[in-house]
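Below you'll find the structure, written out as structure tokens, and then a few comments.
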Amino acid sequence: TLKDIDLENRIIDINHQVQRFRSGKYDICPTKTSAGTRKLPMTEEVYQMFKSLVENRPTDLPEVIVKGYAGFLIRDKDGMPEVALHWEHRFQHAVKRYNDIYKIQMPSITPHVCRHTYCSNQARARMNPKTLQYLMGHSEISVTMDVYTHLGLDDAKDEIIRLKELEDARKEINNIERDTMRSMESQFKYI
């Protein structure tokens, strides 16, 4: 909702979720876990996206209130808040259009798959695991690292190369420090 987006401080307040049932009824529920309730900093790209959403929010749609919540950012043609199913349909449509055009087929993609991709990309970029756990809203680090992070052989190879480069750099620093100390010792002999 509008009140959950702090553009000035670039913070997203995640403190509830909207659900729509088969009956068409909407409900506001707490996050799945207490760890799911969190404040997220916005990257520049996310900030620009939310700024655009707020500035271009349609004014011709009815302002719907669900259990005391109003100001939903993304709404359907009737002014109702969009839910996960809306986005799943958009993803399915995009994949179908792509697959209708191109020979190499794209697999099924869902918004939830994007969470896994985000988590894996951040782990690959060596984000602190506890920070990643917080951003993902997981109560257990094992969920972040064992369920959502998908790394493989190429990542292991890259890590081995990185560790070798780090060790080589440490050896070089030690050699420079040793040579510097020897040079200083020889200069002190003449004082």
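Some points to look at:
- Verdict on E55 being among the acidic types (D, E), open to solvent by 50 Å² or more (accessible area, probe 1.4 Å) and within 18 Å of the chain's Cα centre (by Cα): no
- Residue in the range 73-82 that is among the basic types (K, R), modelled with pLDDT of 95 or more and open to solvent by 60 Å² or more (accessible area, probe 1.4 Å) present: no
- Residue satisfying all of: in the range 34-49; within 18 Å of H16 (Cα to Cα), out of contact with any helix residue (DSSP H, G or I) (no Cβ under 8 Å at 6 or more places or on another chain) and not polar (S, T, N, Q); surrounded by the most Cβ atoms within 10 Å (Cβ to Cβ) among these: G36
- Tallying residues that are within 20 Å of R38 (Cα to Cα) and not in a loop (DSSP other than H, G, I, E, B) within the range 127-146 yields 13.
- Single match in L73, L61 (criterion: in contact with a Pro (Cβ under 9 Å, 6 or more places away or on another chain) and in a loop (DSSP other than H, G, I, E, B)): L73
- For the range 131-151, the tally of residues that are touching a strand residue (DSSP E or B) at 6+ places or on another chain (Cβ under 7 Å) and either among the basic types (K, R) or open to solvent by less than 60 Å² (accessible area, probe 1.4 Å) (or both) stands at 2.
- Qualifying residue in the range 65-78 (condition: out of contact with any Asp or Glu (no Cβ under 7 Å at 6 or more places or on another chain), assigned by the TED database to the domain that holds K3, under 26 Å from V113 (Cβ atoms) and not β-branched (V, I, T)): yes
- Looking across the range 83-104, the residues that are among the aromatic types (F, W, Y) and surrounded by 14 or more Cβ atoms within 10 Å (Cβ to Cβ) come down to W87, F91.
- Residue within the range 105-126 that is farther than 30 Å from R38 by Cα and exposed (fewer than 12 other Cβ atoms within 10 Å of the Cβ) present: yes
- Qualifying residue in the range 162-183 (condition: of a type in the set (A, V, I, L, M, F, W, C), part of a helix (DSSP H, G or I) and open to solvent by less than 50 Å² (accessible area, probe 1.4 Å)): yes
- Where D154 falls short, out of the listed (1) open to solvent by 90 Å² or more (accessible area, probe 1.4 Å); (2) part of a helix (DSSP H, G or I); (3) under 29 Å from P41 (Cα atoms): (3)
The values are calculated or read from the model by the stated rules, or taken from the named source; none is laboratory data. What you are looking at is a predicted structure, and each value in this text was computed from that prediction instead of being measured. Glycine gets a Cβ as well: all are built from the backbone with ideal geometry, and neighbour counts include every protein chain shown. Just the protein is used for accessible areas: all its heavy atoms, side chains included, with ligands, DNA and RNA removed. Shrake-Rupley method; radii C 1.70, N 1.55, O 1.52, S 1.80 Å.
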